[in-house]
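We did not get these values from a lab; they are worked out from the coordinates using the rules stated. All values derive from a computational prediction rather than experimental measurement. Counting neighbours? That spans all protein chains shown, and the Cβs are built from the backbone with ideal geometry, glycine included.
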Amino acid sequence: MMKRLFAAICGSIFVGSLALLSGAEFPQAEITNGLIKAKLYLPDTEKGYYRATRFDWSGQIPSLEYQGHQYFGEWNTRPYDPKLHDAIMGPVEEFSDVEAPGYAEAPVGGTFLKIGVGFLRKPAEAKYDHFKTYEIVDAGKWSVKRHADRVEFTQKVSDKKTGYGYEYTKVVRLVAGKPQLALEHRLKNTGTKALETDAYDHDFYMLDKQPTGPDVAVKFPFEVKAEREWNPGLVELRGKELDYVKELGKGETAFNSLTGFGSDVKDYDIRVENSRTGAGVRQTADRPLARIVYWSIRPTACPEAYIHLAVAPGKEFTWRIAYDFYSAK
């Protein structure tokens, strides 16, 4: 009896130790402002949780808690692979989903730029595909500064041969005295060629890890319209609100491009709420919308708000996105 008990205890310690080692293998940081607690995974070319080529490597948030509510988490159901572009969590961002700087003029075997990732190898293909994981030729130099309430990321990338280069800084900050997360960006063009691209937040909201369905509402400050027909029986647009007709099943997707917004920065104001759990988040920015894509599957709902960047050599562009968390009941 004692031997079995001893073996069980040792087994529990061993399993717990493995779990701790597994969680510790990814470079990470925790921040708080006394109201919100968040965990971040940090960029690292050897040990980073995410090492694919679609999304910006900085600012991945696998966990954010406010008043007992969880807002982000692991939504991808495929086996984990750091080179998988879906191995990402939180209000993650992507630059250039249509075409990356330098891609058009690069020869096969040459390099092009993916901001937030680095220089990538161009293979023989018909066109750029942001869903593909490309070979990373140069990930640049990342530096990370940790503070109690924020993490500051800086990436420097430069290539005289192509003429492209930049210094990208992103601060993930929990604002003092507010239930607010801020993403503060600065992109400085250090090359000889202009940088022009769109950038968007994919968000990957997982409000209390509830399935996407009638409990979820997405609200806008304008009369929202869709560019094409939705998959039948999934979504309805009701004035300034997007609502679900049914709970999405495994494999079901609600996807569309949304219109109705203008050039006023006030139109960048999106709320996602879960009426069952009471979790709510409001997303705003200090730059106007360029376009909106909406994508959702059963585990996550994602209003993807784009802004446009045009940065001449020697110039810089700044933008700030804020997430205010609240009770939706």
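The modelled label-to-label distance between A312 and R276, using points 7 Å beyond Cα along the C-beta direction, is 5.3 nm. Measuring spread by the Cα atoms of the stretch 211-292 yields a radius of gyration and Dmax of 13.1, 38 Å. Each Cα pair under 8 Å and six or more residues apart adds its sequence gap; the mean of these over the residue count of the chain is a relative contact order of 15 percent. Annotation: aspartates and glutamates with alpha-carbon distance below 16 angstrom to K219 (same-chain offsets under eight excluded): D203, E236, E241, D243, D267, D269, E273, E304, D324. Relative contact order for the stretch 187-262: 31 percent, from Cα pairs under 8 Å spaced at least 6 residues apart, divided by residue count. Over the chain, DSSP H runs of length four or greater, each weighted -39,500 (n - 2.57), average out per residue to a 222 nm ellipticity of -2500 deg cm²/dmol.
Simple spin-label estimate for A176 and V245 gives 5.1 nm between the two label positions (7 Å along the Cα-to-Cβ direction from each Cα).
Pairs K170/K240; K37/K178; K225/K266; K141/K188; K83/K122: which are spaced more than 20 Å apart, C-alpha to C-alpha? Over 20 Å Cα-Cα: K170/K240.
For the stretch 227-329, build the charge dipole from Cβ charges (+1 Lys, Arg; -1 Asp, Glu) around the Cα centre, then report which of Y306, L258, Q283 sits farthest towards its positive end. Towards the positive end, the residue furthest out is Q283.
Using the Stokes-Einstein relation with a Kirkwood hydrodynamic radius computed over Cα pairs, the translational diffusion coefficient of the stretch 117-267 at 25 °C and a viscosity of 0.890 mPa s comes to 125 µm²/s. Our coupling estimate for the stretch 272-286, obtained by passing each phi through the Karplus curve with A = 6.51, B = -1.76, C = 1.60 and θ = phi - 60°, is 10, 9, 10, 6, 6, 9, x, 6, x, 9, 10, 10, 9, 8, 9 Hz, Gly and Pro reported as x.
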